[in-house]
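Only one structure is covered here, and it is reproduced in the block below.
The values are calculated or read from the model by the stated rules, or taken from the named source; none is laboratory data. Since the model is a prediction, treat every value here as computed from it, not as a measurement. Cβ: placed from backbone, ideal geometry, glycine included. Neighbour counts: every protein chain shown.
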Amino acid sequence: MAYFGWRPYVSVAQRRAKGMKEMANLRKQGFEVKPVEIQGRKIARTFWGEAWCDHLESFSDYENRLPRGRAYVRNGSVCHLDITQGEVKAMVSGSELYNITIKIKTLGQQKWADVSKRCAGQIGSMLELLQGKLSKSVMEIVTDRSNGLFPLPSEISLKCSCPDWAVMCKHVAAVLYGVGARLDDKPELLFLLRGVDHDELISAEVGVATADAQAEGGRKRLADDELADVFGIEMSEEEPHAKAKSPRRRTKAAPKTRKTSKDESTPSEKPGSEPEGKSTQTETGLTNSAADTQSSSPETSDSQPVTGKAVARLRKKFGMSQSQFAQILGVTAPSISNWEKKPGTLVLQSRSRDAWRSVEGLTKLQATKKLGKTH
């Protein structure tokens, strides 16, 4: 190296500025840039992000090489990182802008079936799964070093366009840490990367609950809120312990046998008599009220029914994805997807109706601000 001389030193600020300039040019060409931004010194903050980083550092092949990339990912050198099934593509700003490709084998069907089986009955909802609010036993299953969700070194292929001869250069190491940071915000990308559907973990939970209910004669039931999280649907509300009322028999009034003279006052003219429309008593003592003849409606008279088309139209007006729209309504993304597909009027829980009423009159700017507050 001394014979040819050292390359001129390029500061972090210069490298970053150069990288941002090249990213700006790519944006102009229509390329969607997805940078990795680290807040503070901690690279990963949630269960899934930390579990990814801890897993990779547990292997001797990586533990001595990964630290080289920490400074790069912290100072914002990972200008772009995109995760798809079986592959991670990234751009890292160094002396130049380098392209990194990391290929990861998808999870084997047998291994995934085994993980799903062992997790069955232990995950309460999709929200708990993605937020990492799992029991100790489930955490041990999904993070198992050899049989969990995370890849083994033999399942990972690394490639960088930099001149460094090392298989895992500092640019590749920065991208691997960047994946952990990305899982903080979007843990579902881990399941996408490994080529499995995280809904199946919840489906396994439902299967166990249903089997238990059948074994006990149907006495066990999933709560409505749990079903809404599992299947992405809203359960219609019914009054608890409501009993079916038998139709009220009305006795035909006896015919009048005499005519009222002109001098006699009619009941409506007598002082203190009740106005027309109030309940009146028949000869049999049965009371008939006008209120009894009015049918109840799930929607109030001054509100418009909610339809799937209305949900899709408002979401598109706000320029939001189904996941973002679900956040401001306080429901799951599958719920929004199911609502938009259903024809006719939707039957929503009261909390969902209230949430809908609170956002249907918002402007796009107000809805965006509301979304920011939910994060």
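Of the residues screened, I102 is one that is in contact with an Asp or Glu (Cβ under 8 Å, 6 or more places away or on another chain), outside the structural domain of V331 (by TED's automatic domain parsing) and not in a loop (DSSP other than H, G, I, E, B).
Any chance you could count how many residues in the range 150-203 are aromatic (F, W, Y) and free of Cβ contacts under 8 Å to residues at least 60 places away in the same chain?
Residues flagged as aromatic (F, W, Y) and free of Cβ contacts under 8 Å to residues at least 60 places away in the same chain within the range 150-203 amount to 2.
For S137, the test of being outside the structural domain of V179 (by TED's automatic domain parsing), part of a helix (DSSP H, G or I) and either loosely packed, with under 14 Cβ neighbours inside 10 Å or touching a strand residue (DSSP E or B) at 6+ places or on another chain (Cβ under 6 Å) (or both) is passed.
Taken as a whole, the condition of being at pLDDT 85 or above and touching a strand residue (DSSP E or B) at 6+ places or on another chain (Cβ under 6 Å) applies to I156.
If the condition is being within 23 Å of G148 (Cα to Cα) and part of a helix (DSSP H, G or I), then the range 58-86 contributes S60, D61, Y62, E63, L66. In this structure, is W6 of a type in the set (A, V, I, L, M, F, W, C) and modelled with pLDDT under 85? The answer is yes for W6. So in the range 140-175, with the set limited to residues that are assigned to a helix (DSSP H, G or I) and under 25 Å from the mean Cα position of the chain (by Cα), which one is surrounded by the fewest Cβ atoms within 10 Å (Cβ to Cβ)? For the range 140-175, the residue satisfying everything is E140.
So for the range 39-56 (the condition being aliphatic (A, V, I, L, M), in a loop (DSSP other than H, G, I, E, B), closer than 30 Å to K18 by Cα and assigned by TED's automatic domain parsing to the domain that holds K170), does at least one residue qualify? Yes - at least one qualifying residue is present in the range 39-56.
Scanning the range 339-351 for residues that are touching a residue at least 24 places away in the same chain (Cβ under 8 Å), of a type outside the set (V, I, T), surrounded by fewer than 20 Cβ atoms within 10 Å (Cβ to Cβ) and not in a loop (DSSP other than H, G, I, E, B) turns up E340, K341, S350.
Restricting the range 39-90 to residues that are surrounded by fewer than 20 Cβ atoms within 10 Å (Cβ to Cβ) and of a type in the set (S, T, N, Q) leaves a set whose member that is modelled with the lowest pLDDT is N64.
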